[in-house]
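To start, the structure itself, in structure tokens.
Derivation of every value follows stated rules applied to the coordinates shown; laboratory data play no part. All of these numbers come straight from a predicted model, not from anything done at the bench. Backbone-built Cβ (ideal geometry, glycine too); neighbour counts: all protein chains shown.
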Amino acid sequence: MISQPDQAAEAYQPGYGAYPPGDGTGARALAEALTRPGPGKRLYFEFPADLLTKDGDVLNPVRADGDSAVGRIYYRLNAKRSQIQPGGDEGRRPPPQRKSKFDLWCAGCDHAVADPKTRWSINNG
């Protein structure tokens, strides 16, 4: 699932000259951008209704158990990298993985609250 929005964000960029907005607190802005008709009147991606929260955020299909910390997909546009702390955001969000573009991540199957090494699985597309 995470590779599909990744590819859609890449397809979005040539039409708008920028990647979709996102600050790493969820993926609602990404979902809104990708489901709005763009140039040529086409959608970049259509999220299944069962993978969206009532607020429009994207659920993590691996851990869609309602836990807000691990039950969502996160997206961050890295255009403002200078504002992101080198070590991440005190463990809440991982540090940027791409030199440019964006990061898209979620807690994976290996996530265990007691083991910080498994805190996030990162997909860099």
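Taking packing as the residue-averaged number of other Cβ atoms within 10 angstrom, the listed peptides 1-8, 70-77 run from highest to lowest as 70-77, 1-8. The phi-based Karplus calculation (6.51 cos²θ - 1.76 cosθ + 1.60; θ = phi - 60°) puts the 3J(HN,Hα) values of region 40-49 at x, 6, 10, 7, 7, 7, 10, 6, x, 4 Hz, whole numbers, x for Gly and Pro. Taking max minus min of the alpha-carbon positions on each principal axis, region 1-44 gives extents of 29, 19, 15 Å, largest first.
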